[in-house]
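Following: one structure in structure tokens, then a few remarks.
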Ligand code: ADP
Ligand code: MG
């Protein structure tokens, strides 16, 4: 479902005459099969988010190759990637990234609007998805009127509403207390079981890493270990 081959990445800081090059990823190769939950663990600064942003097409690739669901996306333009992402890849972030001026319903409806879905169909799909993540009755709440765990569920619903094959999650439990964290991990497992969604989950938390069928370990921009359970 995801195949990454010899991916390297560096950031350049400073002006022309005084440029510093920061190597962030070095020759990273791995793959994730359909229906797998894979966790990617590693210290802060080891390059995890950069890797996820490259896979999701939010950063221009510098070298190496990325194939998603059989499509080589390595040379996709930003626009091509944006179109490809819809209905293929959903995202969940540590800080939820909900639009504060929109209700839970409106946040979940947004991808459907981008996809050009009719209003009637949008309503059915958004409500169904909110129910799936346990938020029936909270449709008209704004993010500020929801707990952290509920806000993260809204963001899961938003990631889910276009029936993606893959969900990429960057520290999804990073802002949650341990009980809410457990609930979210349970929800992820449930979605993986019932909908066969493939998950790639970044975490620096060993407890979160345990929900993966497999765990990848990142250190200083390189994969150092692959633990198979
Ligand atoms: P992680 O998610 O594992 O904490 P990141 O991928 O966010 O790691 O960052 C890896 C390294 O790349 C860090 O040293 C970080 O400072 C650097 N970095 C990340 N984004 C940028 C950027 N846009 N410009 C410059 N350096 C960056
Ligand atoms: Mg990160």
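When only alpha carbons are used to place a centre, the stretch 151-229 and the stretch 34-67 end up 13 Å from one another.
Based on DSSP H segments of at least four residues, each scored -39500 (n - 2.57), the chain has a per-residue ellipticity at 222 nm of -10000 deg cm²/dmol. On full extension, the segment bounded by residue 123 and residue 194 gains 23.3 nm, given 0.36 nm per residue less the C-alpha separation. A simple spin-label model places the labels of residue 114 and residue 210 3.5 nm from each other, with each point 7 Å out along Cα-to-Cβ. Most tightly packed first, judged by the mean number of other beta-carbon atoms within 10 Å of their residues, the peptides 76-84, 22-30 read 22-30, 76-84. DSSP assigns beta bridges within the chain; of those with both partners inside it, close to 55 percent run antiparallel. With the simple model of a label 7 Å out from the Cα in the direction of the Cβ, residue 179 to residue 62 spans 4.5 nm.
Quick note: the coordinates plus some simple rules give every number you see, no bench work behind them. Values in this document were obtained by computation on a predicted structure and should not be read as measured data. All Cβ positions, even for glycine, are placed from backbone atoms using ideal geometry, and neighbour counts span all protein chains on display.
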